[in-house]
Amino acid sequence: MKLSELINGTLLGDASIRIYKNRYYYYSLNAKDKKFLEWNRRSFKKFNIPTYIALNNAISKVFTLGFYINARQNIELSSLRGKWYRRHNDKTVKVVPKNLEITPTTLLFWYLGDGCLVRRKNDENRVPTIVIATNCFSKDDIMVLIGKLKELGLNFYPVEYTSGFTGKKCGYCLYSNTQDGTPYKFFKLIGLDCPKEIENCTTGAKGIYHEQKFFKDKWTTEENWIKILSNVKEIGPILRKKRFEMGLSQNQIGKKVGIRRENIRDVELMKRNFSVKNFRKILETLNLDANYLLASLKQSNN
């Protein structure tokens, strides 16, 4: 991990760099859980950057991790202010650097700060959607981010964001395409599981019911993995291999689950995907689960 990857990832989210007394730059990252900031602090410590954590707001119980940047001592860090901020209409606004490189590490810290996994509790067949808040950026900057994500094989599209407090539209969020395997590719890049050290750290009370959420909620469960993997074409050869091992023909499988043989053939040849409903039927017939599929995908990629 590089220092620039860590800082760029957090700056894509809620972190900021401000000018202090016209001499220093001040980096700050806010969070609801102090333990999460302590985890981030250990990352900064690897680069010999002294940081501190303090209670930022006693009422909302928000903590801040921060450190001062001496422009004379660290050219790399001091240059970040000029890359990430511009004057616009007499205001200083955060922008996306044109030469920004989004690495898996950058993507991870961006997702930790401003991302979530949207599940439809009352819809057993809808694939979960990855959503990343980008409402602090302009539409042009968001299009730059979409292009950079596409370079990683990830397809996202902008959706206007409506504030839950005011009911007014205020910027855009990025939503993942769910039909082309983007959710699987995304978690494959940042890690299939939430980092153990922070999985039980809270992200605050979310939603209309103010339900307490944790960082582990940003990752998927086994049931939701089945939904996500139903749209991964590389699953086809794994299903075919298992079918061969069980000595079953495509016709036999089709009759068991009520699917046309041609559909099974096309999935095995990675030409199409099963619906979530039919995918569950296939997995049950072949006695497969999400953990087996994930392990098989990892092995085939290696």
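The values are calculated or read from the model by the stated rules, or taken from the named source; none is laboratory data. Keep in mind it's a predicted model, so treat the numbers as computed, not measured. Cβ atoms come from the backbone with ideal geometry, glycine included; neighbour counts cover every protein chain shown.
Yes or no: the range 134-152 includes at least one residue that is outside any helix (DSSP H, G or I) and either at pLDDT 95 or above or within 25 Å of SER230 (Cβ to Cβ) (or both).
Yes, the conditions are met somewhere in the range 134-152.
Got a number for residues in the range 43-79 being part of a loop (DSSP other than H, G, I, E, B), within 22 Å of THR106 (Cα to Cα) and modelled with pLDDT under 80?
1
Considering ASN30, ASN40, which residue is outside any loop (DSSP other than H, G, I, E, B) and within 27 Å of LEU192 (Cβ to Cβ)?
Within the list ASN30, ASN40, the selection yields ASN40.
Would the range 109-118 turn up any residue that is under 25 Å from CYS194 (Cβ atoms) and out of contact with any Ser or Thr (no Cβ under 9 Å at 6 or more places or on another chain)?
yes
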